[in-house]
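Values quoted throughout were computed directly from the atomic coordinates according to the rules given, and no laboratory measurement underlies them. Bear in mind the structure is a predicted one, so any value in this text is a computation, not a measurement. Backbone-built Cβ (ideal geometry, glycine too); neighbour counts: all protein chains shown.
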Amino acid sequence: MHTHSLAAYVKCLDRNDWQGVGELMLTSANKLAQIGADFLICPDNTIHNALPYVQSKSPVPWLHIAEVVAARAVELGFSQLGLTGTRWLVDSNVYPQKLEARGLKYVRPSSAERDELNRIIMDELVYGVFKPEAVEFHQRVIGRMKDQGCDAVVLGCTEIPLIMDNTNSPLPTLDSTRLLARAALRRAVHSADSPA
């Protein structure tokens, strides 16, 4: 495991510098490959925006969080997913590209909803602040997505599952971080079982 500080990433995010994000990811990739990693994962949905800058230069392959989520959605029979996460994520094509590739539809939060989701994540959840109002806001957003035909919601942020899950969400949840961790474990076990 290796990461730079969140502050280093946020500096790049604030200036829309995805290549800078990619360079940070590559330094981690190189360090991890040097100590024997066979593949890499990044539990941060947002910085998957930088993978196009990273993949061709990476010493080892990456599992893509949105591919893992899309595969699980298909496996469970879902057809239209609501997207939640930081503004950087929900404004991006990280999920749309991977969902569309599997024939899935999606609904993004409105612009005002994106702003408030982002504020809750960056000003509250990353600091361990969990307010009932944040839960209620997520429930309203997800409820609206349900009204628009979504049959599940992507919890597209490492912190959202700290306040939302299947017990309090109007829609079934796809916890992207947990799904990526399980996919990584399956891959690692499969690699370990494969003959050298």
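When each of the peptides 19-27, 124-132, 64-72 is scored by the mean number of other C-beta atoms lying within 10 Å of its residues, the order from highest to lowest reads 64-72, 19-27, 124-132.
The residues packed around residue 161, meaning those with a beta-carbon under 9 Å from its beta-carbon, carry a net charge of -2 if Lys and Arg are +1 and Asp and Glu are -1. Helix 132-147 against the longest principal axis of the chain: what's the angle in degrees, Cα atoms only, rounded to the nearest 10? Once rounded, the angle reads 80 degrees.
Sequence-distant contacts, meaning Cα pairs under 8 Å at least 6 residues apart, place the relative contact order of the stretch 50-121 at 34 percent. For the stretch 54-152, rounded, prolate or oblate, judged on the Cα gyration tensor with a ≥ b ≥ c (square roots of eigenvalues), a/c < 1.5 rounded, else prolate if a/b > b/c? Oblate, because a/c is 1.5 or more while a/b does not exceed b/c.
Summed over all non-identical Cα pairs, the Kirkwood treatment of the chain gives a radius of 17.3 Å.
For the chain, set up a GNM with springs between Cα atoms under 10 Å and report which of 34, 139, 148 has the largest fluctuation. In this elastic network of the chain, the residue with the biggest mean-square fluctuation among 34, 139, 148 is 34.
The distance linking the stretch 136-196 with the stretch 22-101 is 14 Å (Cα centroid to Cα centroid, whole angstrom). Taking every lysine pair in the chain that is 8 or more places apart or spans two chains, those with Cα atoms closer than 25 Å amount to 7. Helical runs (DSSP H, four residues minimum) scored at -39500 (n - 2.57) apiece and divided by the length of the chain put the mean residue ellipticity at 222 nm at -14500 deg cm²/dmol.
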